[in-house]
Amino acid sequence: MKNIEQNWINSFKKPLIISGPCSAETENQVLETAKKLDKNYIQVFRAGIWKPRTRPNCFEGIGQIGLKWLNKVKKETGFLTATEVANSTHVELALKYDIDIIWIGARSTVNPFTVQEISEALKNTTKIILVKNPINPDLDLWIGALERLMNQGIKKIGVIHRGFSTYKSRKYRNTPNWGLALKFKKLYPNIPMLCDPSHISGNRECLFEVIKQAMSFKYEGLIVETHCNPDKALSDSQQQIRPEQFVEFLKNDFFKKTNSKTEMELEHIRVLISELDQNLIYLLSERMESSEKVAIIKKINNLLVFQPKRWKSLIEEYQTLGQKLCLSEKFLENIFQEIHKESINIQNQIINKI
């Protein structure tokens, strides 16, 4: 990706901080939120104008009139403005109202047809275009979206890491998968990466934890959702915070001195290990849920809990796979012995239940 203009990020006071409500709801809400943000720490005001919702009949954005409110924010506060687009009509309107930064959302990134339509509508623009990671952890889809933009002569490009969807609710709304995001940063160090901790956390409780982690990984900026009355927000109320709270965090905690280089490197690896370990725990929980289902079928059909031939076949299969991945046979056997033992215990409890 040689044609990307790397220096656009340098025109901002680093890190680049974008903040504002998930959705523009009323003119007063937009202006009140903007005026409570501090230009000493935040450079860009964001607000969703069109909202891609999972189900119909939810609030799907205020539409074109919201772009006028963003213009008013720019005029009265001096903030640059940013919003999401999902089709060529959105692009035309965003350009008409001189929105400074445009991003492509995760639901759009996953669809090459949508990205192509947006890219063609943005052809040769000098605006800054940011691309959120796709919903699923597919690096090629993310890279492909950038390539489509570049093919249309767009040079001011960056990406937003907003986490990845998982089947079951865990600690985060969208699991960070730091490893994949850092792989992207290593492949394309010239492309600025911002973090969207609001969508990763999905709640206020771990928002600042995610911010600190992202910045320890040397992300170039943040996009954080703030709302003058978050509990009454029409979309994503749980993950939005008051603008004053965010400003207070930036003033008091955000720019604190970091640890030494060696300590930071160790901490980064530990974060990745912790994320993997947590995933293992969730998978083990799902594994034991499956054991319960197996037990019910065995009980109904009067089958034996322990089936030696199947167990022997499975452990041999796992060891063969482990060899290909440079894992010790004994190590895998010990792990699966414990998993199997717990599975048998669970099945026996269910089958022997009176």
For the range 1-111, compute Rg over Rh where Rg is the Cα radius of gyration and Rh is the Kirkwood radius from the inverse mean 1/r over Cα pairs. 0.98
As an exercise, find the ratio Rg/Rh for the range 45-184 from alpha-carbon atoms, using the Kirkwood inverse-distance average for Rh. 0.97
With the range 314-354 reduced to its Cα atoms and the Debye formula applied, log10 I(q)/I(0) at q = 0.14, 0.16, 0.27, 0.32 1/Å amounts to -0.40, -0.48, -0.83, -0.99
Surface per residue (accessible, 1.4 Å probe) for the chain, Å²: 53 Å²
26 Å Cα-Cα threshold exceeded, pairs from Lys212/Lys324; Lys14/Lys251; Lys14/Lys212: Lys212/Lys324
How large is the dipole of the range 99-186 about the Cα centre if only Lys and Arg carry +1 and Asp and Glu carry -1, each at its Cβ, rounded to the nearest 20 debye? 480 debye
For the chain, using Cα atoms only, the Rg and Dmax in Å read 24.1, 75
Per q in 0.26 Å⁻¹, report the Debye log10 I(q)/I(0) for the range 1-46, using one uniform scatterer on each alpha carbon and no solvent. -0.91
What dipole magnitude, in Debye to the nearest 20, does the chain give about its Cα centre under +1 on Lys/Arg Cβ and -1 on Asp/Glu Cβ? 80 debye
Return one number: the angle in degrees, 0 to 90 and rounded to the nearest 10, between the long axis of the Cα atoms of helix 139-150 and the longest principal axis of the Cα atoms of the chain. 20 degrees
Pairs of alpha carbons in the range 38-82 whose separation is greater than 18 Å (percent): 38 percent
Taking one equal scatterer on every alpha-carbon of the range 220-318, how large is log10 of I(q)/I(0) by Debye at q = 0.11, 0.15, 0.20, 0.21 1/Å? -0.72, -0.89, -1.15, -1.17
Of every hundred units of 1.4 Å-probe accessible area on the chain, the number belonging to carbon and sulfur atoms, as a percent, is 51 percent
With N residues in the range 183-275, Rg(alpha-carbon) / (2.2 N^0.38 Å) equals 1.19
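The values are calculated or read from the model by the stated rules, or taken from the named source; none is laboratory data. Just so it is clear, the model here is predicted, and its values are computed rather than measured. Note that we place each Cβ from the backbone using ideal geometry, even for glycine, and neighbour counts take in every protein chain shown. When the accessible area is computed, the model is the full protein with side chains, heavy atoms only, and any ligands, DNA or RNA have been set aside. Shrake-Rupley method; radii C 1.70, N 1.55, O 1.52, S 1.80 Å.
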